[in-house]
Structures are given as structure tokens and as C-alpha cells.
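Computed from the coordinates by the stated procedures, all read-outs in this text should not be read as laboratory data. Only a predicted model underlies this, so the values are computations on that prediction, with no experimental measurement involved. For neighbour counting, all protein chains shown are included, and Cβ atoms are generated from backbone atoms with ideal geometry for every residue, glycine included.
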Amino acid sequence: MKKYRFQLLSLFGAVILLTSCGNNNGNNKSRGALNSSAAEKVYVAPGEHDEFYAFMSGGYSGNLTVYGLPSGRMFKEIPVFSQFPTSGYGYSEETKPMLETSHGFVPWDDSHHPDISQTNGELDGRWIFINGNNTPRIARISLTTFETEEIIEIPNSAGNHSSSFVTENSEYVVAGTRFSVPIPQRDMPINEYKGNFQGALSFISVDPKHGHMDIKFQIIMPGFNYDLSHPGRGKSHGWFFFTTYNTEEANSLQEVNSSQNDKDFIAAINWKKVEEYVNQGGGTKVPANYVHNVYDETTHMATSTMKKEVLTVNPLDIPGAVFFLPTPKSPHGCDVDPSGQYIIGNGKLSADLTVHSFDNMIAAIEGKKFDGEAYGIPILKFEDVLAGTVKSGGLGPLHTEFDGKGNAYTTFFISSEVVKWKLGTWEVIDRKPTYYSVGHLMIPGGNSRKPFGKYLVALNKITKDRYLPVGPEMEHSAQIYDISGEKMELLYDFPTHGEPHYAAGIPAELLAPKSKKIYRLDENKHPYAVTSPDQARVERKGKEVHIYMSTIRSHFTPDNIEGVKVGDKVYFHITNHEQDFDVPHGFAMIGQNTSELLIMPGQTKSSLWEPKKVGVWPFYCTDFCSALHQEMQGYVRVSPANSDIELSWSLGGD
Amino acid sequence: MKKSALLMIIGSLLLLGLFKFPLWNIMLGAPQYPEPLGMDIYIDGIQGMNEFDIQNIDGLNHYIGMKIIPKPEDMWEFSVFPIVIGSMVVLGFIIGLLGLFGKVSYHWFLGWLIVMTVLGTLGMYDFNAWMIDYGTHLDPNAIMKLQNLDGTPMSYKPPLLGHQKLLNFDAYSYPRLGGYLMGLGMLLTLIAYFVGKRSKKTNQ
């Protein structure tokens, strides 16, 4: 401790020296002061904690990573849609069902847009949702265990991209389709897309108590691409907004063929109206196959249920529920300001941002000022709904977030910058380069009624020379900016795992106090758990051998097992008896065709081993659990299939 | 006399705190235990400061071959101490009450205090003897058998009072609220004696 203090003191000394140097050299003054203040702003001293959590989607890693802001330190990778050998997620018998789909076991996905649950439009820190883009799924992750608790598949959807955004009171998590497809799926020529393919927008209800998800209804829309979405809030609560592209309904070379219309649409959905309609029995139940996977924290097990039906809604059956707002140049991001008044469509092929006014939209709808229709859905007049245009001077606007002080921040992919502008006056206040080609940006709470406008994180698509080179393939890069002043200040660069698309941030004080330290052994309801070492045993059921095993520093009970035969299916059910924070035990068996297990205190996990060779085979603890971790090991004797050796097990020769 | 008798009554009643609050506390901190493990010693048993502390202390102690921390039924002290304290409270209360009505003199207050001090000293002696036993009678098959520089087996006896370094752990042993209330109560009975003595003098 003393040494540590001394080091800190000398560090302080160094900082003072540095700053005083800067002050002495008149010319370097501003630069020196700027650099040192940037360093201080992101420096979180050893043992200190960050001010914010940042949850970064993993993109093609399929997972979600947890970072601290402003330090940019990574705390955890939460396995969601991808098998994760580190913990055994998707490999253990308990978690294999989490990755079940109607297509069978899918070990991977592409995770894009995390969103934290809200109450009254403010972050409440109960759960975080994220979408699987490739095989359409939505996951719910607990923010007390930081583990995935539930995954629901979305039928009739393909490229689950305009997802997973929550409404103001987490009534719904919404999932829109990027690809339009034949609904229901059928064998038909691809070039008959136009007029035949359709796009489903799914509203998934969230149980306010347990968070359990259920598809309440799907709105079957014209065959456009539904790119991104955000909920209305405040005055526009009850509406949801989706950007569209490919209103041309091209089925090939979309790069060119989907970029022909000068304007595509933002689809405005009055979901309260649709909800009312389905609550009164409206809509059509259609056959579907989709899987619902739920992980139970007390049994430590997931179960999969195949669902057979989904309620679909034809928007034409509910007059006044769906409208199109013309928006220039294949809009990508669709963002709603904290007041709920402005809906911003970022035309990705444009230099300008289009801002629609909710009040104008309502007035236009009430005045029935329509400019034609698309597949029966009324199109509002662009000029009637427009609030303003931000003449940015940048190119390729993608996404916008807000600081809660009347400012908006938009990323520009092509010109590689973040632009700060003022809501209402549409004037550009500041612009700062990003490194390089920024996609999403994130301000903690920046897409809620109450943003925490202190830091902005730019999530870049191109890394190139920002870090030491590591060959052609590398992690993505993020930059953090201080946005507390009039001008943005670039503070820090840090690499991010996978390919983060969107991210969600939240003040640490909302999550840290309720983060779980252990699972209680006396609440463990796993059917194969042993809550005391004297229950440890081995049972045979035909070819299946079930080993009920417990662990505590630093041994397995039992650790000598005989009577296993070649051709058996051996299940290790391991309960960690520790009730101390951060004392996991691991388990790995030689030659096992699956991953290790990492078992948290109080938890039970099961691993399958199919021994193929006669011999005496060791297993061991893979987590450096204690001073005698290297002694934490055991043996299984495997005899020939026709052997008549009885099952036996022991610990310490007992 | 009235004032001193009231002090006697209050002083003896303060011992009741021992039925609710811990008498003593031993805390164990180490680099990997930034939140120290701790045990609260009550007159009727030992409890962890956090729910699983006793289990975790036992888990660590098994490396050096210490016995597990005793449950109330494992030590006669935990059934006798409540009776002794309860009796002393009743006794002190009755003496105080009798003093209030002038049936007994302030000398009885001192007598009670002397008995209490003797019992308390015996209790501390017993507590220390248990800690010596606990810290030195180790499992001969212990995982870690450590020796002092002179070759004698290392003792893991926590200090009776104050701080001591035990391997990677810093052990702290101090009274807790119940113990402080008892001390305060005994102090009040001492004051009761002196107040009684002085009022007697002035009355003469």
C-alpha cells in the first residue's frame, strides 16, 4: 500500500512537472495544457471506477462487450448469440438451448443495436436488449448478472436490422426487417419481388416484472428495406419511426437500383392504435415457426419452446395507423430528439439532414394533406412535415444522438467526422474528425428523454493506422470526445472487440450497486445440483452416466471415478460450492469434443463427454482458483464397452 | 442516593445490549479481500459480518489446518454466557431498585461491579484460551505447515485486542457495540458507587 501511494505521488509529480513545463514555454502553452487535460479526463486511477458503463455491440462476434467510460477499459464480453468457449455458453448442456432456432442450432449471429430498458423515457437499468441481425432474433440480458436470459426468434423477418429499440416504458422492444421476403416463405422467382415481397415490423411485448418477451403483433408492410428505427417519446410516445430504402423494390444490384428514387420514406407507425386494434381481436393469426429460449437463474438452465403462430396485422385494416414521410436519399439513421418533437432522417447519400416535425406530421394527418399513397398507405407531403434541414457541409450522414442541452450530434461516414448542430435553428456549431469513417455514435442515454451529455463515443468502421499493426485483420476503433463544452474535444482512442455497431451507455451508479456477486447455493434449483458434498455421486442410466460433482477450493468431489465404459455418454454436473465473490472453478476433460465450463459460485453447469478410448483420463480445474489450483484435478477410468467393472467414486481414498 | 441508584439501574440494564449486539469482532483483511472477512462474537454464538464470511474463513483456514469456527452447540460458553449476563442484569437491577428505596447501601453497587469484573476477566481469559487452542492445535495433515524462524510451528492465534499480521492477513480484534455498552454500563455502576458515597458524606 505504501509503495503504491509513493508511485501515485510520483505520478502526480510527473503531471505537475509536465504542466509546469508547458507553462514555462510560452508557445507550447495551449497545446501542453490541452494534452494534459485530455489525459486527466480519461485517466481513471488504479482502483478507481469509471463514471459510465458502455455496452458495445459485438457485430460479427455476435456478443456484447462492456466497457468503462471515460477510460475505455473493457470489463467483460457477454455471450449472446455466439458460442463462447470461455464460459461454456452454447456448449454446456444448460445453455445449448439458448442458440436453438427454427433452423436448428445456430452458433453465431451478427449483433447490432443494444438498447437499455426505460421507464418514463429514462434509462432504468433493468435489462439491455440486442438484435441478432442474420437469423432474426432479439436477446434480453440481465443487468444484475450481466448474462443473457432470453432470446426470441422473429418469424417472417430477414436481416433483423431496424431493431432492438424499446418504447418509453419498455412496453415493446421493436424489431423491423431489413430484407423484405415472401410472407409466408415460398418457392417463387426472385425477379417477381416487386409487389410480392413484404416487410414485417414486429412489436415484442416485455413483461414488466420478469422481462419475458412475446411477439404481440407483426405489421406486414410493403416490400421495402426497413433500415433503422426509434420510438417516439414524450409528446410522440405511442409512435414508432422506421427509415426505409429500396422503395424502388429492386431485387438485384441494389447498390445502383435502390438508389434511384430521390426520396424514400420514414414510416410512422401509431403502435398504440395498432395495439388497441389487436386488443379488440383484430389481426390474423398465421402459422409460423419460431423459437423462444428462456434461461432461468435459479435452475441455471435454458429451455427452448417452438412457437407455432404469430399475429399479423395488415396496416390497411387500421386507418390512421401508418403513414409515410418522404425523406431524401436512402435514409439510414432514424433518431428522435429527447422532447419527441423532431424525427431526424439521415439521408446517407446526401450532404444534408432532414428533420421532420412531429407536430407538423400530426397537423398534416389531421388535415388529410396526402401526396398519394404507396400500396394504400398515405404519403404525407414532404414540405408539410419538414421542420428544417441541417446544411452540414459533410457527406454521408448516418446517425444522430442528443446531449439534452438542445444540441444534436451526427456522424458522417464518408467525410469521417462528427458534427454538432443546434435543434430548432439547424446551425452547425462544431465539427471534429473521426478516425476513420464513423458509423454509430453513442452518448449515454442519448436516445432517451434524459441524455447524460458529458461524453460522446464515435464507433468507427475503419481502423488502419490507429494502433500498432497486427496484420490485415484488426479490431475496430472508438474515439471518446468531451462534449461538456461548446466545442467537442477528442480525448482518447481505444480498440473495441468485434465490430461494434451501436452502443448504449448508462451512469455507473445506476448499475454497479445491484450487480450480483455470487449465486446463492440455497437457491440453486438445478435438477442435477448437489448442495452438499455428501450428495456427490455417480449414477448410470443405460449408456448414460451422470456424475453429480461438487467443487470447493481446491478439490472436486468425487475425484476418482471408475466403471465408465467406452461408448458411454458421460455427463459431468458440477456445482460450485463457493459462496465467495470471484471464486469460480473451471472444468475440462482431456479429449472432450466441447469447451470447458466456467462455473460461478453457487452455480451448476453440465458438460457432455463421450469417451472413445480405454484408459485413465484426467480432468482439472481451468480457473486459477487458489494456491492449490494445480492440485485441483481428478481421474476417470474408462474400461472396454463389455467390461463388468462396477461404478465407483471416491475422494481422498474414502 | 436516588441519583446513584438510578445510575446503577441504567448501568446494569445496558448489559442487555449484549443480547442484541456483538461483544467482540475479529476482522481479516488481505490484498485479495479488499472487503475484509469478519466475525462478530455474540454471547450466544459467532456470526459472519456478511452472510458467508464464516464459511469463507473456514474455507481459508482449512489450508493451515485450523478447526472450523465453533457453532453455538460446540461450546458450553455460548449457553452459559447468556445466563450469567442475564443473571447479572437482574441482580444489578434489583440492587439498584433496593438502593432506590434505601434498602441497601451503595456498597452493594461496588460489590456487583467487583463480581462483574471478575466474571468479565474470567470470560476474557476463557476467550483467549480458546483462541490459543484454535490458533495452535492444528491438523497434522494440514496443507500448509509453516514455521517461525526458530523452527517452532507458527501459531495463528488472532490478537485478543488490537492488530496482528497473520501470513497475508491483517487481523483486527476490537470490542463491538455490545461490548462498549457493557463497558459503559460497568462504568456507570462505578460512578453510581462514587455518587452514592458522596451523597452519603454530604448528608452527614
* To do: For chain B, with a Gaussian network of springs between Cα atoms less than 10 Å apart, report the residue from B:L60, B:L14, B:L184 with the top mean-square fluctuation.
  => B:L60
* Enumerate the amide H contacts of A:K348 below 5 Å, restricted to partners 5 or more residues apart or on another chain; note that Pro and chain-start residues carry no placed amide H. => A:H332
* What does the convex hull of the Cα atoms come to per residue for segment A:250-307, in Å³? -> 238 Å³
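GluC sites (Glu not before Pro), restricted to segment A:566-654: which are DSSP loop and have at most 13 other Cβ atoms within 10 Å?
On the way: sites: A:E578, A:E596, A:E631, A:E646; in loops: A:E578, A:E596, A:E646.
Here the GluC sites (Glu not before Pro) that fit, given the DSSP loop and packing criteria, are A:E646.
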* For segment B:132-144, Karplus couplings with θ = phi - 60° (6.51, -1.76, 1.60), whole Hz, Gly/Pro x -> 5, 4, 5, x, 10, 8, 9, 4, x, 9, 4, 5, 10
* To do: Can you list which of the chymotrypsin sites (Phe, Trp or Tyr not before Pro) found in segment A:334-410 are DSSP loop residues with at most 14 other C-beta atoms within 10 Å?
  => A:Y375
* Asked: What's the angle, to the nearest 10 degrees (0 to 90), between helix B:77-100's Cα axis and the longest principal axis of chain B?
  -> 20 degrees
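What do the square roots of 5 times the Cα gyration tensor eigenvalues come to for the protein assembly as shown, in whole Å, largest first, as semi-axes of the equivalent ellipsoid?
Taking √(5λ) for each eigenvalue gives 62, 37, 28 Å, largest first.
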* Structure fact -> Packing-ranked peptide list from A:121-128, A:183-190, B:66-73, B:43-50, highest mean Cβ count within 10 angstrom first, is A:121-128, B:43-50, B:66-73, A:183-190
* Given only helices, namely DSSP H runs of n ≥ 4 each adding -39500 (n - 2.57), what is the per-residue ellipticity at 222 nm of chain B, to the nearest 500 deg cm²/dmol? -> -17500 deg cm²/dmol
* Structure fact -> Once phi for every residue in segment A:471-488 is put through the Karplus expression 6.51 cos²θ - 1.76 cosθ + 1.60 (θ = phi - 60°), the whole-Hz ³J(HN,Hα) values, with Gly and Pro written as x, are x, x, 9, 8, 6, 7, 10, 10, 10, 10, 10, 7, 10, 6, x, 5, 9, 6
* To do: Could you please rank A:D50, A:D654, placing first whichever residue has the fewest other Cβ atoms within 10 Å of its Cβ?
  => A:D654, A:D50
* Structure fact -> Counting Lys and Arg as +1 and Asp and Glu as -1 over every other residue whose Cβ sits under 14 Å from the Cβ of A:E192, the net charge comes to 0
* Angle, helix B:2-14 long axis vs. longest principal axis of chain B, Cα atoms, 0 to 90°, nearest 10? -> 20 degrees
* For chain A, which DSSP H helices look membrane-span-like by this rule: Cα extent along the axis of 18 Å or more and mean Kyte-Doolittle of at least -1.0? -> A:2-24, A:29-42
* Per-residue [θ]222 nm for chain A (sum of -39500 (n - 2.57) over DSSP H runs n ≥ 4, rounded to 500) -> -3000 deg cm²/dmol
* To do: Would you list the P(r) distribution for segment A:283-440, with all Cα-Cα distances sorted into 10 Å bins from 0 and each bin expressed as a whole %?
  => 10, 29, 22, 21, 16, 2
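Might you report the magnitude of the Cβ-based charge dipole of the protein assembly as shown about its Cα centre, with Lys and Arg at +1 and Asp and Glu at -1, to the nearest 20 debye?
I would put it at about 2760 debye.
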* To do: Please list, in chain and number order, the residues 5+ apart from A:T312 or on another chain whose amide H is under 5 Å from its amide H, with Hs placed from the backbone.
  => A:Q218, A:T284, A:K285, A:V286
* For A:I590, enumerate residues with amide H under 5 Å from its amide H, sequence gap 5+ or separate chain, H modeled in the peptide plane. => none
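Do you know the relative contact order of chain B, to the nearest whole percent, from alpha carbon pairs under 8 angstrom that are 6+ apart?
Relative contact order here is 38 percent.
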* Each residue of segment A:374-380 in turn: what ³J(HN,Hα) in whole Hz from Karplus with 6.51, -1.76, 1.60 and θ = phi - 60°, glycine and Pro shown as x? -> 10, 6, x, 8, x, 9, 7
* Across all directions of projection, what mean area in square nanometres is found for the Cα convex hull of segment A:148-221? -> 5.5 nm²
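Out of every Cα-Cα pair in segment A:252-366, what percent are more than 23 Å apart?
Cα-Cα pairs of segment A:252-366 separated by over 23 Å account for 55 percent.
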* Asked: Which value, in Å to one decimal place, does the Kirkwood hydrodynamic radius take for segment B:1-157 when every pair of different Cα atoms is included?
  -> 18.2 Å
* Cα atoms only, segment A:521-650: Rg and Dmax in Å? -> 14.0, 46
* Peptide A:541-554: average number of partner chain Cβ atoms within 10 Å per residue? -> 1
